[in-house]
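*Asks:* Quick one: the structure is below, questions incoming.
The values are calculated or read from the model by the stated rules, or taken from the named source; none is laboratory data. On a predicted model such as this, the values are computed, not experimentally measured, just so you know. Note that we place each Cβ from the backbone using ideal geometry, even for glycine, and neighbour counts take in every protein chain shown. Note: accessible area is taken over every heavy atom of the protein model, side chains too, but ligands, DNA and RNA are not part of it. Shrake-Rupley method; radii C 1.70, N 1.55, O 1.52, S 1.80 Å.
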Amino acid sequence: MNAAPPAANAMPKVHYLNVDYGIRSWLFTIDHKRIALLYLGSITLFFVLGGLFATAIRLELLTPAGDLFESETYNKMFTMHGVVMIFFFLIPSIPATLGNFLVPMMIGARDLAFPRINLLSWYIYTLGGLFTLFAILSGGVDTGWTFYTPYSSTYSNTNVMATAVGVFILGFSSILTGFNFIITIHKMRAPGLTWFRLPLFIWAHYATSVIMILGTPVVAIAIALVGLERLFHIGIFNPALGGDPVLFQHLFWFYSHPAVYIMILPSMGVISEIVCCFSRKKIFGYSFVAFSSIAIALLGFLVWGHHMFVSSQSMYAGMVFSILSFLVAIPSAVKVFNWTATMYKGSVMYNAPMLYAMGFIGLFTMGGLTGLFLSTLATDVHLHDTYFVVAHFHYIMVGGALMGYLGGIHFWWPKISGRLYPEAWARFSALIIFVGFNLTFFPQFILGYLGMPRRYHAYPPEFQVLNVMSTAGASILAVGYAIPLIYLFWSLRYGPAAGPNPWQAKGLEWQTSSPPPTHNFPETPVVTEEAYEYYPGAEAERV
Amino acid sequence: MSDQATTLAPQFEGLAQQKESAIFGMWVFLVTEVMFFGGMFAGYTAYRYRFHEAFTAGSDHLNLLLGGVNTAVLILSSFTMAMAVHSAQLNRRRALIVFLVLTMLLGSTFLGIKAVEYSHKFHEHLLPGPAFQFEGADPQHAQLFFSFYFAMTGFHALHMVIGVALLAIMTWFAWRGRFSAEYYNPIEVSGLYWHFVDIVWIFLFPLLYLVGHHG
């Protein structure tokens with residue numbers, strides 16, 4: 001069944017997009033919806049850039065010999081792929097675009113609590129991006145996205161400094177976004193919108209924001225100390241001056257493990273919205289899903305040591321970190337089970353957002369379960385630094401976070417643009433992405449299990465078949481990403497007008513026109529029911 | 001109400017919501033600051049535990065008198081800052097400006113004394129790097145102590161500089177008559193920031209200066 005809208009959905013006369021034209025009205029805007037679009041443009045550019053580096057990596061790995069690039073160039077390729085994709089695409093992806101757009105709308109507010117700080121965060125992002133682009137254009141950086149000392153602080157002759165400054169600056173944009181969300185969610189909810197009536201998207205963003213404000217400052221100081229080390233020769237991480245490089249790893253992963261949850265939690269929020277809407281059902285176990293977000297955020301801060309099982313931390317610390325890492329599986333599984341239970345006996349509609357959501361549930365489960373292999377001490381010693389790890393985190397970050405992002409973009413596209421995307425093309429590309437993704441990354445689990453290490457440009461010939469499969473999958477994936485880019489642009493002009501609520505979805509954002517007016521709602525809405533009341537009373541009937 | 005139109009941002013329902021958001025916002029921001037300094041405090045604690053002798057030997061080279069005077073200066077500046085907020089609440093514009101200026105002066109005094117201390121360390125070759133010289137059992141880890149000393153006090157001083165600049169802007173606003181008993185959020189929020197930076201020093205002083213024997 002298609003949730004096709006009635007044909008005569010007129011666009012509103014005045015909305016946030018046409019209220020003002022001209023470059024200044026965009027560059028100086030303090031409207032959260034326009035800032036969301038500024039972010040959408042920037043992160044798409046970085047996504048394409050990161051994708052180019054990924055292409056280079058996969059082309060090199062097509063053949064066993066290191067024939068396309070020198071090993072030094074290859075080091076730069078995977079480093080810049082990681083830096084660009086993680087810091088400049090995945091971390092801001094959902095929060096800065098969909099979050100920026102939807103957090104005020106979902107809670108019935110006119111804007112975020114601090115609109116100017118919101119705009120500032122985009123400028124900081126752009127500044128950080130320019131530093132990193134400069135680093136890339138002037139020769140690149142080869143430390144790996146993790147900037148491990150002492151290589152990054154003492155030995156690397158590449159542009160570590162410019163990249164580090166870029167990432168350091170970028171961190172502040174992330175802090176400001178999280179900061180803005182927390183204040184907004186606490187102080188600006190519409191009358192009647194209690195904490196337990198909030199959409200789960202909001203809970204997920206709240207949890208994400210907590211990680212952003214608690215974790216990001218720590219990686220900021222770690223990177224700043226690396227910078228001081230390169231500039232002024234202080235030696236906190238330098239063994240020659242009495243320091244310890246492992247301290248850097250501790251500080252780095254204290255942020256960068258929770259950062260994984262910065263990437264995945266907003267996606268989980270998106271999935272909760274989509275699954276309820278296209279199953280026409282209330283979420284199964286609202287408070288469990290809500291608190292599992294908080295639990296993931298808090299537990300996420302206690303597991304960083306599982307990145308360091310083989311870097312000289314004590315065996316007992318390793319055991320504790322291993323157990324704590326297993327614990328994260330519990331709230332993650334709660335979410336997966338509850339989404340599945342929500343779909344059970346629902347009237348499921350297979351629109352493109354739902355296809356992405358179902359893809360997410362499957363791929364995230366794979367990524368999560370293989371995470372358990374890696375948090376087990378003994379198997380990790382075997383799998384550490386192999387393609388198994390690469391496949392695992394791509395299942396979480398691409399199969400999980402990116403699928404959620406694309407699903408969310410499709411789900412709210414009618415609200416953002418006021419127009420419908422072409423459904424058939426969208427379903428087709430969702431399918432292509434799912435197939436291409438699995439073909440790219442599933443072989444990497446096997447490669448890693450067989451012992452192929454990550455971060456090398458050459459490999460023994462017996463690994464070639466699986467690598468060719470992976471590269472073939474990556475090209476399918478690239479096609480899958482290109483199609484939405486084209487038809488979403490196309491729909492801006494030629495898509496039929498969507499009307500306020502094309503999916504007949506619940507949630508305050510669907511109660512205003514599409515695209516919304518600058519201050520979102522003509523009057524502040526009053527909330528009288530819980531989230532996802534798709535069929536009021538349906539819950540009781542089922543029991 | 002005409003006053004309210006100029007001071008109430010359009011996204012808020014009323015001045016009360018705006019004020020709550022501003023103050024809550026500053027507290028959340030200070031949480032990020034705690035985490036920022038927290039990384040260094042954690043590293044310092046770990047190393048001090050491991051290289052206790054070297055760290056006390058390094059601490060002996062710090063000037064307890066100058067550090068102590070600076071602590072007093074900062075505590076006094078917190079008092080004048082609190083008085084500034086108090087004056088804003090009571091709508092006493094002149095007193096507000098006087099206390100803001102006094103706070104800035106005390107902050108600058110702190111930075112001046114800090115600069116004198118830094119130059120002493122420089123002349124005594126205690127700056128980590130190739131020129132570092134240290135008479136003692138474990139010069140390598142004493143150097144680590146000074147790495148932390150410069151990183152931690154340096155970031156603290158940077159926060160002081162930002163604080164003084166912030167207060168300069170506030171003084172300018174106060175001069176222009178932007179604040180009233182109903183609307184003084186920026187003063188209150190700047191006050192929170194200033195007290196936070198002071199508190200960081202309250203932790204830095206014993207950790208860096210008082211672990212030594214100073215015999």
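*Asks:* Which of the residues that make up segment B:79-108 are assigned to a loop (DSSP other than H, G, I, E, B) and charged (D, E, K, R)?
*Replies:* B:Arg92
*Asks:* Could I ask something else about it? Spot the failing condition for A:Ile183; the list is (1) more than 7 Å from every other protein chain (Cβ to nearest Cβ); (2) farther than 23 Å from A:Ser287 by Cβ, and only one is missed.
*Replies:* Every condition holds for A:Ile183 apart from (1).
*Asks:* State all residues of segment A:165-181 that are open to solvent by less than 10 Å² (accessible area, probe 1.4 Å) and over 17 Å from the mean Cα position of the chain (by Cα); if no residue qualifies, say none.
*Replies:* A:Gly166, A:Asn180
*Asks:* Let me ask something additional. Look through A:Ser514, A:Ser475 and report the one residue that is in a loop (DSSP other than H, G, I, E, B), polar (S, T, N, Q) and either touching a residue at least 24 places away in the same chain (Cβ under 8 Å) or at positive phi (or both).
*Replies:* A:Ser514
*Asks:* For segment A:281-298, check the following and say yes or no: at least one residue is buried (at least 24 other Cβ atoms within 10 Å of the Cβ) and in a loop (DSSP other than H, G, I, E, B).
*Replies:* Yes, that holds for at least one residue.
*Asks:* Name every residue in segment A:115-145 that is within 25 Å of A:Phe69 (Cα to Cα), open to solvent by less than 10 Å² (accessible area, probe 1.4 Å) and touching a residue at least 60 places away in the same chain (Cβ under 8 Å), in order of residue number.
*Replies:* Within segment A:115-145, A:Gly140, A:Val141, A:Gly144 qualify.
*Asks:* Which condition from (1) within 11 Å of another protein chain (Cβ to nearest Cβ); (2) at pLDDT 90 or above is the one that A:Gly235 breaks?
*Replies:* So the condition that A:Gly235 fails would be (2).
*Asks:* Among the residues of segment B:23-53, write down those that are of a type in the set (Gly, Ala, Ser) and buried (at least 21 other Cβ atoms within 10 Å of the Cβ).
*Replies:* If the condition is that a residue be of a type in the set (Gly, Ala, Ser) and buried (at least 21 other Cβ atoms within 10 Å of the Cβ), then B:Gly25, B:Gly39, B:Gly43 are the ones that fit.
*Asks:* Take the conditions touching a His at 6+ places or on another chain (Cβ under 7 Å), in a helix (DSSP H, G or I) and either open to solvent by less than 10 Å² (accessible area, probe 1.4 Å) or over 17 Å from B:Ser190 (Cβ atoms) (or both) and apply them to B:Thr56. Does it pass?
*Replies:* Considered against the rule, which asks whether it is touching a His at 6+ places or on another chain (Cβ under 7 Å), in a helix (DSSP H, G or I) and either open to solvent by less than 10 Å² (accessible area, probe 1.4 Å) or over 17 Å from B:Ser190 (Cβ atoms) (or both), B:Thr56 comes out as yes.
Here's the yes/no breakdown for (1) touching a Phe, Trp or Tyr at 6+ places or on another chain (Cβ under 7 Å); (2) more than 10 Å from chain A (Cβ to nearest Cβ):
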{"residue": "B:Ala9", "(1), (2)": "no, no"}
{"residue": "B:Phe12", "(1), (2)": "no, no"}
{"residue": "B:Gln17", "(1), (2)": "no, no"}
{"residue": "B:Gly25", "(1), (2)": "yes, no"}
{"residue": "B:Val28", "(1), (2)": "yes, no"}
{"residue": "B:His52", "(1), (2)": "no, yes"}
{"residue": "B:Leu64", "(1), (2)": "yes, yes"}
{"residue": "B:Val73", "(1), (2)": "yes, yes"}
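*Asks:* Here is a further query. More than 7 Å from chain B (Cβ to nearest Cβ) and either open to solvent by 10 Å² or more (accessible area, probe 1.4 Å) or farther than 30 Å from A:Cys276 by Cα (or both): does that describe A:Phe196?
*Replies:* Answer is yes for this residue.
*Asks:* Right, here's the next one. Please determine, by comparing only the residues of segment B:63-92 that are of a type in the set (A, V, I, L, M, F, W, C), more than 16 Å from the chain's Cα centre (by Cα) and open to solvent by 40 Å² or more (accessible area, probe 1.4 Å), which one is nearest to B:Tyr193 (Cα to Cα).
*Replies:* B:Met83
*Asks:* Hey, another quick one. Conditions: (1) modelled with pLDDT of 95 or more; (2) under 30 Å from A:His32 (Cα atoms). A:Phe434 meets all but one. Number of the miss?
*Replies:* (2)
*Asks:* Can you confirm whether segment A:261-269 contains a residue that is open to solvent by 40 Å² or more (accessible area, probe 1.4 Å), away from chain B (no Cβ under 14 Å) and either part of a loop (DSSP other than H, G, I, E, B) or not polar (S, T, N, Q) (or both)?
*Replies:* no
*Asks:* For segment A:244-254, enumerate the residues that are open to solvent by 10 Å² or more (accessible area, probe 1.4 Å) and within 11 Å of chain B (Cβ to nearest Cβ).
*Replies:* Answer for segment A:244-254, where residues must be open to solvent by 10 Å² or more (accessible area, probe 1.4 Å) and within 11 Å of chain B (Cβ to nearest Cβ): A:Asp244, A:Val246, A:Leu247, A:His250, A:Leu251, A:Phe254.
*Asks:* Could you identify the single residue in B:Ala142, B:Ala151 that is over 12 Å from the mean Cα position of the chain (by Cα), more than 29 Å from B:Gly191 (Cβ to Cβ), buried (at least 20 other Cβ atoms within 10 Å of the Cβ) and within 9 Å of chain A (Cβ to nearest Cβ)?
*Replies:* B:Ala142
*Asks:* Can you name the residue in segment A:517-527 that is open to solvent by 10 Å² or more (accessible area, probe 1.4 Å) and touching a residue at least 24 places away in the same chain (Cβ under 8 Å) and is also nearest to A:Ala426 (Cα to Cα) among such residues?
*Replies:* The residue in question is A:Pro517.
*Asks:* Of the numbered conditions (1) within 30 Å of B:Ala46 (Cβ to Cβ); (2) at pLDDT 95 or above; (3) surrounded by fewer than 18 Cβ atoms within 10 Å (Cβ to Cβ), B:His213 fails exactly one; give the number of that condition.
*Replies:* If we test B:His213 against (1) within 30 Å of B:Ala46 (Cβ to Cβ); (2) at pLDDT 95 or above; (3) surrounded by fewer than 18 Cβ atoms within 10 Å (Cβ to Cβ), just (2) comes out false.
*Asks:* Oh, and also: B:Gly177 is checked against (1) open to solvent by 30 Å² or more (accessible area, probe 1.4 Å); (2) in a helix (DSSP H, G or I) and fails just one. What number does that condition carry?
*Replies:* Here B:Gly177 clears every test but (2).
*Asks:* Let me ask you something else. Give the residues of segment B:154-174 that are within 12 Å of another protein chain (Cβ to nearest Cβ) and either touching a residue at least 60 places away in the same chain (Cβ under 8 Å) or open to solvent by less than 10 Å² (accessible area, probe 1.4 Å) (or both), sorted by residue number.
*Replies:* Hit for segment B:154-174 is B:Phe155, nothing else.
*Asks:* Turning to a different aspect of this structure: So which of A:Thr216, A:Thr208, A:Thr149, A:Thr154 ends up being more than 10 Å from every other protein chain (Cβ to nearest Cβ), part of a helix (DSSP H, G or I) and surrounded by 24 or more Cβ atoms within 10 Å (Cβ to Cβ)?
*Replies:* One residue alone meets the criteria, A:Thr208.
*Asks:* Check every one of the helices (runs of 4 or more DSSP H) wholly within segment A:1-119 and list those with 2 or more residues that are hydroxyl-bearing (Ser, Thr, Tyr).
*Replies:* A:32-60, A:71-83
*Asks:* Examine segment B:195-209 for a residue that is within 14 Å of chain A (Cβ to nearest Cβ) and within 30 Å of A:Thr154 (Cβ to Cβ), and state whether such a residue exists.
*Replies:* Checking segment B:195-209: at least one residue is within 14 Å of chain A (Cβ to nearest Cβ) and within 30 Å of A:Thr154 (Cβ to Cβ).
Table: residues versus (1) within 14 Å of another protein chain (Cβ to nearest Cβ); (2) buried (at least 16 other Cβ atoms within 10 Å of the Cβ); (3) on the phi > 0 side of the Ramachandran plot.
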| site | (1), (2), (3) |
| --- | --- |
| B:Arg94 | no, no, no |
| B:Ile97 | no, yes, no |
| B:Thr109 | no, yes, no |
| B:Val116 | no, no, no |
| B:Lys121 | yes, yes, no |
| B:Glu124 | no, no, no |
| B:Gly129 | yes, no, yes |
| B:Phe134 | yes, yes, no |
| B:Ala137 | yes, no, no |
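*Asks:* Then there's this: Just wondering, is there one or more residues in segment A:500-518 that are within 14 Å of chain B (Cβ to nearest Cβ), of a type in the set (Val, Ile, Thr) and more than 24 Å from the chain's Cα centre (by Cα)?
*Replies:* Yes - at least one qualifying residue is present in segment A:500-518.
Each row is one residue, and each column tells you yes or no for (1) within 23 Å of the chain's Cα centre (by Cα); (2) hydrophobic (A, V, I, L, M, F, W, C); (3) surrounded by 24 or more Cβ atoms within 10 Å (Cβ to Cβ); (4) more than 27 Å from A:Tyr206 (Cα to Cα).
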{"residue": "A:His15", "(1), (2), (3), (4)": "no, no, no, yes"}
{"residue": "A:Tyr21", "(1), (2), (3), (4)": "no, no, no, yes"}
{"residue": "A:Thr63", "(1), (2), (3), (4)": "no, no, no, yes"}
{"residue": "A:Tyr74", "(1), (2), (3), (4)": "no, no, no, yes"}
{"residue": "A:Phe78", "(1), (2), (3), (4)": "yes, yes, no, yes"}
{"residue": "A:Thr97", "(1), (2), (3), (4)": "yes, no, yes, no"}
{"residue": "A:Asn100", "(1), (2), (3), (4)": "yes, no, yes, no"}
{"residue": "A:Arg110", "(1), (2), (3), (4)": "no, no, no, no"}
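*Asks:* Criterion first (part of a helix (DSSP H, G or I), polar (S, T, N, Q) and modelled with pLDDT of 95 or more) does B:Ser190 satisfy it?
*Replies:* Answer is yes for this residue.
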